[in-house]
Ligand SMILES: C[S@@+](CC[C@H](N)C(=O)[O-])C[C@H]1O[C@@H](n2cnc3c(N)ncnc32)[C@H](O)[C@@H]1O
């Protein structure tokens, strides 16, 4: 078991997460298997139960463990550990801080936070999921976590929090979270943008005059999360189109422009900037290819243009030429801006969505260098 845990930490670090000594200790000591007692679905869809030989090796790998499906759609999971680690490090937690988590899931992330000394309230919209998280935390002997069944939009129990962490993909920041947050607090949250969920580090607007329009954020990392239920997941006038799964009939309409092709970090930089600059940017998969791609989708949502990592453009549909031109212009603009990475951007927000349940959605982007 010690070998498995050592290998686990090494994998989390290799996949890009930095681990402080305290967080490394938390990952090394909180027993992840207790939070998936009935097994899980692996990323490839295979179901694994505790009696299977690959149960423990998969539990102690840097992979998402899907614990509840609604038909074909995953609706609860233990997220990828390297992503949890990056988000927890960005949250900057120390003993005694009051942390609200939206999306209890298995309870494992809350257990890691509690191991760092945080006093945690975690909420999940599915009451069966919340109940299972509560018993897993008790079985693991983790103190300092309260689990509530509630829609996270409302911000959980009406208390003050130093930190809020959101472990489900949302369309924007709930005003109720900002009401609960201490003025020097922060919210680490994956907010839908261009068909994916970049994780943002959101800071509340400073109090007092002059009135500021809303919170601001910087980017922590790229991520793909399952979408939230209720107002947190609702589409709004600023939403990008939903991802196109299996975009077909694509033909090359513009040749490669970057040799070597963009590395994954640079490609995400292009994707994020393109989504800042154009409201039809989303995410597409192509049959037979594993990767996911930056796409410009037309009104059908099933056709448009895909920009590959080498800058070549593949397009389909009646407006293939138009979307190729848009893709080319976005790539030119990003190139002319010196290829800013995701983390170079600062995000503003605007209040939007259902007036009965509004959210702060990303709306203005500036390069933090001032460019
Ligand atoms: C990726 S899982 C969370 C992983 C979890 N933090 C863990 O450590 O296992 C996302 C969870 O968010 C929950 N969820 C979805 N919409 C929600 C909402 N509006 N409010 C609260 N929880 C929500 C789902 O029920 C699901 O259990």
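All of the numbers you see were taken from the coordinates with simple rules; none came from a lab. Remember, predicted model here, so these are calculated numbers, not experimental data. Every residue, glycine as well, gets a Cβ built from its backbone with ideal geometry; the counts of neighbours run over all protein chains shown.
Note on the chain: with a GNM built from Cα contacts shorter than 10 Å, the maximum mean-square fluctuation among 191, 245, 281 falls on 245. Here the stretch 232-273 and the stretch 280-349 have alpha carbon centers that stand 4 Å from each other.
With the simple model of a label 7 Å out from the Cα in the direction of the Cβ, residue 143 to residue 92 spans 2.9 nm.
On the basis of the beta-carbon distance and an R0 of 30 Å, residue 182 and residue 135 show a calculated FRET efficiency of 0.45.
Give the shape of the stretch 251-336 as rounded, prolate or oblate, defined through the alpha-carbon gyration tensor: a ≥ b ≥ c are the square roots of its eigenvalues, a/c under 1.5 means rounded, and otherwise the shape is prolate if a/b is larger than b/c and oblate if not. Rounded is the answer for the stretch 251-336, as its axis ratio a/c remains below 1.5. Each DSSP beta bridge with both residues in the chain is either parallel or antiparallel, and the antiparallel ones are about 70%. Short-range pairs are left out: with C-alpha atoms under 8 Å and at least six residues apart, the relative contact order of the stretch 17-117 is 30 percent. On the basis of the beta-carbon distance and an R0 of 30 Å, residue 4 and residue 223 show a calculated FRET efficiency of 0.75. Antiparallel DSSP bridges in the stretch 2-167: what percent, to the nearest 5? Bridges in the stretch 2-167 that DSSP calls antiparallel: roughly 35 percent.
Structure remark: mean-square fluctuation, Gaussian network model of the chain, C-alpha springs under 10 Å; the largest value among 190, 261, 31 belongs to 261. Take every DSSP beta bridge whose two residues both sit in the stretch 146-264; close to 60 percent of them are antiparallel. Under the simplified labelling scheme, the residue 203-residue 47 pair shows an inter-label distance of 4.8 nm, with each label point 7 Å from Cα along Cα→Cβ.
The stretch 137-211 and the stretch 93-108 have Cα centres separated by 10 Å. Modelled spin-label separation between residue 277 and residue 322, with each label point placed 7 Å from Cα along the Cα-to-Cβ direction: 2.0 nm. Taking 86, 300, 216 as the candidate residues, the one with maximal mean-square fluctuation in a Gaussian network model of the chain, Cα springs under 10 Å, is 300. The ranking of 189, 36 by Cβ neighbour count inside 10 Å, starting from the fewest, reads 36, 189.
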